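S.K.: Handing you a structure now.
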């Protein structure tokens, strides 16, 4: 199994768009930063045919330190969830694309 | 925010980019991630998060309406785990207004780069 990194994505942008390698890397960073900023503001990010990133609010609950058994409160927090689109799920399983018009994830 | 809004933002903040180029950049990013996951590869973007796939084995499910047993085939599902930096940013947004330094302050990075001694020097 290989790992794809920022460098690979920047290289793909370079090959597809014909900008310099430096600018391709900077634009990739801009896109990631825009997504992060929207999520930080609590706004969901929907990417058609890929999936939806959304922020969920979790309430306070009582947790337990598994080593010592001491009860500790888990403070309210916000967590990020990713819901993949039907298109992405089908693609990963090598299945034909689902009919357009009803894409759960995006 | 949707993909088209993301494209519009990218084009607006980079006036020299033509709209089709902004579109191609955003599409390429998600196409490359999707293709990597379809190959069974993992995509790791430090500070942002990692995309990977997880195998779900075949199991006996139940039709919730009729209670009838149905065979559910095994499948592979995409999975995203937020990076530490993004997780903390999102959580910080929860507690009042974000009070830590805004990401729009490039100065420390520039200063650090200048202060690193050049290996050839």
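The values are calculated or read from the model by the stated rules, or taken from the named source; none is laboratory data. Please read these numbers as outputs of a predicted model, since none were measured by experiment. Ideal geometry is used to build each Cβ from the backbone, glycine not excepted, and the neighbour counts take in all protein chains shown.
S.K.: Sort out which residues of region A:83-101 are at the interface with chain B (Cβ under 9 Å from one of its Cβ atoms), without any contact (Cβ under 8 Å) to a residue 12 or more places away in the chain and surrounded by 12 or more Cβ atoms within 10 Å (Cβ to Cβ), and write them in order of number.
M.R.: Listed by number, the residues that qualify are A:91, A:92, A:93.
S.K.: Further question: Here are some residues: A:80, A:28. Which one is assigned to a strand (DSSP E or B) and either at the interface with another protein chain (Cβ under 7 Å from one of its Cβ atoms) or within 23 Å of residue B:53 (Cβ to Cβ) (or both)? Can you show your working first?
M.R.: On the way: A:28 fails: assigned to a strand (DSSP E or B).
Only one candidate passes the filter, namely A:80.
S.K.: Hey, residue A:51 hits all of (1) at negative phi; (2) at pLDDT 90 or above; (3) at the interface with chain B (Cβ under 8 Å from one of its Cβ atoms) but one; which does it fall short on?
M.R.: (1)
S.K.: Those residues that are more than 7 Å from chain B (Cβ to nearest Cβ) and either in a strand (DSSP E or B) or buried (at least 19 other Cβ atoms within 10 Å of the Cβ) (or both), I need them from region A:1-13; list them, please.
M.R.: A:10
S.K.: Here is a follow-up. Which condition from (1) at pLDDT below 90; (2) surrounded by 12 or more Cβ atoms within 10 Å (Cβ to Cβ) is the one that residue A:59 breaks?
M.R.: (2)
S.K.: Cβ-Cβ under 7 Å, sequence separation 6+ or interchain: first residue in region B:11-40 and at positive phi and facing chain A (nearest Cβ under 7 Å), partner surrounded by fewer than 21 Cβ atoms within 10 Å (Cβ to Cβ) and at pLDDT below 95. Which pairs?
M.R.: Within 7 Å, the pairs are B:40/A:1.
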